[in-house]
1. Indicate the gyration tensor shape class of the stretch 70-110 (rounded, prolate or oblate), computed on the Cα atoms with a ≥ b ≥ c the square roots of the eigenvalues: a/c under 1.5 is rounded; otherwise a/b larger than b/c is prolate and the rest oblate.
2. Quick one: the Cα spread of the chain along its three principal axes, in angstroms, biggest first?
3. Please list, in order, the residues from the stretch 94-110 whose amide nitrogen is less than 14 Å from a point placed 7 Å along the Cα→Cβ vector of residue 86.
4. In whole Hz, with x marking every Gly and Pro, tabulate ³J(HN,Hα) for the stretch 48-55 from phi via Karplus 6.51 cos²θ - 1.76 cosθ + 1.60, θ = phi - 60°.
5. Along the stretch 86-100, what does the Karplus equation 6.51 cos²θ - 1.76 cosθ + 1.60 (θ = phi - 60°) give for ³J(HN,Hα), rounded to whole Hz, x for Gly and Pro?
6. Determine ³J(HN,Hα), in whole Hz, for all residues of the stretch 70-82 in sequence, where each value follows from phi through the Karplus function 6.51 cos²θ - 1.76 cosθ + 1.60 and θ = phi - 60°; x replaces Gly and Pro.
7. Using helices alone, I'd like the mean residue ellipticity at 222 nm for the chain: each DSSP H run of four-plus residues gives -39500 (n - 2.57), total over residue count, nearest 500.
8. Roughly how many nanometres apart are two label points built 7 Å out from the Cα toward the Cβ at residue 99 and residue 78?
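Throughout, read-outs are computed from the coordinates displayed, never taken from laboratory work. The model shown is predicted, which means the values in this text are computed figures rather than measured ones. When we count neighbours, we look across all protein chains shown, and the Cβ atoms used for this are built from the backbone with ideal geometry, even at glycine.
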Amino acid sequence: MLQNLGHHIRTLRTQKGIGLNAFAEQLGVSSGYLSNLETGKTESIHLSLLEKLQDELFLFPVHSGTSDNVTDIRLSTIKHQLEELTRLNPEGVDYLLTTMEKGLELLLKEK
């Protein structure tokens with residue numbers, strides 16, 4: 001189970017463009033521990049670390065049903081982030097959504 005979790009952590013961390021050492025420091029763990037967690041070489045994780053990972057990476061997106069589809073998981077994570085950003089910067093959310101909508105229209109016209 002931790003091997004799958006570790007792989008998921010590494011995938012989300014790299015998608016956000018955060019290096020291993022910087023992320024380990026941000027979480028308050030050693031880079032060796034984080035590397036071992038990401039590669040499934042450790043068999044334990046503290047609940048407090050799991051909570052930090054959830055806050056930073058949205059490891060367990062809230063959505064109906066279960067899905068192993070990476071696109072579904074990414075979209076759910078983006079939705080959660082946009083909801084959070086709406087409270088902080090609604091204009092930024094509008095800009096991002098408008099840009100995405102226009103991009104999708106252009107890409108779909110190419111097909």
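1. On the way: a/c = 5.47, a/b = 1.33, b/c = 4.12.
Cα axes put the stretch 70-110 in the oblate bin.
2. Computed over the Cα atoms, the extents are 48, 31, 27 Å.
3. In the stretch 94-110, the label zone of residue 86 (backbone N under 14 Å from the point 7 Å along Cα→Cβ) covers 94-98.
4. Karplus-based 3J(HN,Hα) across the stretch 48-55 equals 4, 5, 4, 5, 5, 4, 4, 4 Hz.
5. 4, 5, 8, 8, x, 5, x, 5, 4, 4, 4, 5, 4, 4, 5
6. Coupling constants for the stretch 70-82: 4, 5, 4, 5, 5, 5, 5, 5, 4, 4, 4, 5, 5 Hz.
7. Working: 6 runs with 81 residues, N = 111.
Taking each H run of at least 4 residues, the total per residue is -23500 deg cm²/dmol.
8. About 1.2 nm separates the two model spin labels.
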